[in-house]
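See below for the structure under consideration.
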Amino acid sequence: MSDFPEFEVIPAVDVQDGEVVQLVGGERGTGKRYGDPVAAAERWIEAGAETLHLVDLDGAFEGERVNAAAIEAVVESVPDETGLQLGGGIRTAEGARDLLELGLDRVILGTAAVETPEIVGEVDDTHPGTVVVSLDAKDGEVVVSGWTEGTGLDPAEAAARYEELGAGAILFTNVDVEGQLEGIDREAVASVVEAVDIPVIASGGVASVEDVVDLKEAGAAAVVVGTALYEGEFTLREAQKAADEG
């Protein structure tokens, strides 16, 4: 499940306090709520989603999986052929493997990959191609711990390093534009794409179908979309169709 044979638009199901929430600029407390995660997941699958992007937002901030029950309910409710990737609060190789055994196709490691880079190889050894390393950039540097701590790492350099360590894909999120419906930073995405041979999943700032096409043209293998879909800026089918034709 690590490859994206064709460019894919992936809906985000971000969970906080057991509900779907979309944050603005990664700031805790800025979230707008969109109801039950299982209902959201089923809605996106009905709309044509082949993959869902699940995030335990409380887990990202707290460093442990807070919304495990809500996430597991989503995993149990979706068809087997639906691709599932989860991030937020996964801090150990054992925890990542448990999730993969539960039925997830990919685990997203952010803070853990920065703090203990060897975790990437440890998971890849037993579950090849399943590790997505999440690089969240703010003001041009990688940030961790729920977007609160700078690392001094350049996103493109970091991406190349994690490819060497065994990452199956990179999730690159531009936190500066996250959840604001003001457009993407194409150059930042392109620089990460150029640094690696593995797929790069782009996230953050998508406000229009044109943004989706731009990300495809920048070389991204997929794009995660949250706020724009929940706010009805465009439909999943419209975005996927534009990308397929673009």
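The values are calculated or read from the model by the stated rules, or taken from the named source; none is laboratory data. Small disclaimer: the values here were computed from a predicted structure and weren't measured. Positions of Cβ are backbone-derived with ideal geometry, glycine not excepted, and every protein chain shown enters the neighbour counts. These accessible areas exclude ligands, DNA and RNA; they are computed on the full protein's heavy atoms, side chains included. Shrake-Rupley method; radii C 1.70, N 1.55, O 1.52, S 1.80 Å.
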(request) Sort out which residues of the stretch 229-241 are open to solvent by less than 20 Å² (accessible area, probe 1.4 Å) and more than 18 Å from Leu54 (Cβ to Cβ), and write them in order of number. (result) Phe234, Ala239
(message) For the condition open to solvent by 10 Å² or more (accessible area, probe 1.4 Å), modelled with pLDDT under 85, over 28 Å from Ile198 (Cα atoms) and not β-branched (Val, Ile, Thr), what is the one hit in Glu42, Glu62, Glu19, Glu46?
(response) Glu62
(request) Could you please find all residues in the stretch 194-222 being farther than 15 Å from Val133 by Cα and in contact (Cβ under 8 Å) with a residue 40 or more places away in the chain? (result) Val212, Lys216
(request) Select from the stretch 127-142 the residues that are farther than 16 Å from Thr92 by Cα, under 18 Å from the mean Cα position of the chain (by Cα) and without any contact (Cβ under 8 Å) to a residue 60 or more places away in the chain and write down the one among them that is surrounded by the most Cβ atoms within 10 Å (Cβ to Cβ). (result) Leu135
(message) Anything in the stretch 145-169 that is hydrophobic (A, V, I, L, M, F, W, C) and open to solvent by 10 Å² or more (accessible area, probe 1.4 Å)? List them, or say none.
(response) Trp147, Leu153, Ala156, Ala160, Leu165
(message) Of the conditions (1) in a helix (DSSP H, G or I); (2) within 28 Å of Leu100 (Cα to Cα), Val213 satisfies every one except a single condition; which number is it?
(response) (2)
(message) I'd like to verify a number: residues in the stretch 90-126 that are open to solvent by less than 30 Å² (accessible area, probe 1.4 Å), over 28 Å from Glu46 (Cβ atoms) and of a type outside the set (Val, Ile, Thr), how many?
(response) 9
(request) Could you tell me whether the stretch 167-186 includes any residue that is part of a loop (DSSP other than H, G, I, E, B) and of a type in the set (S, T, N, Q)? (result) yes
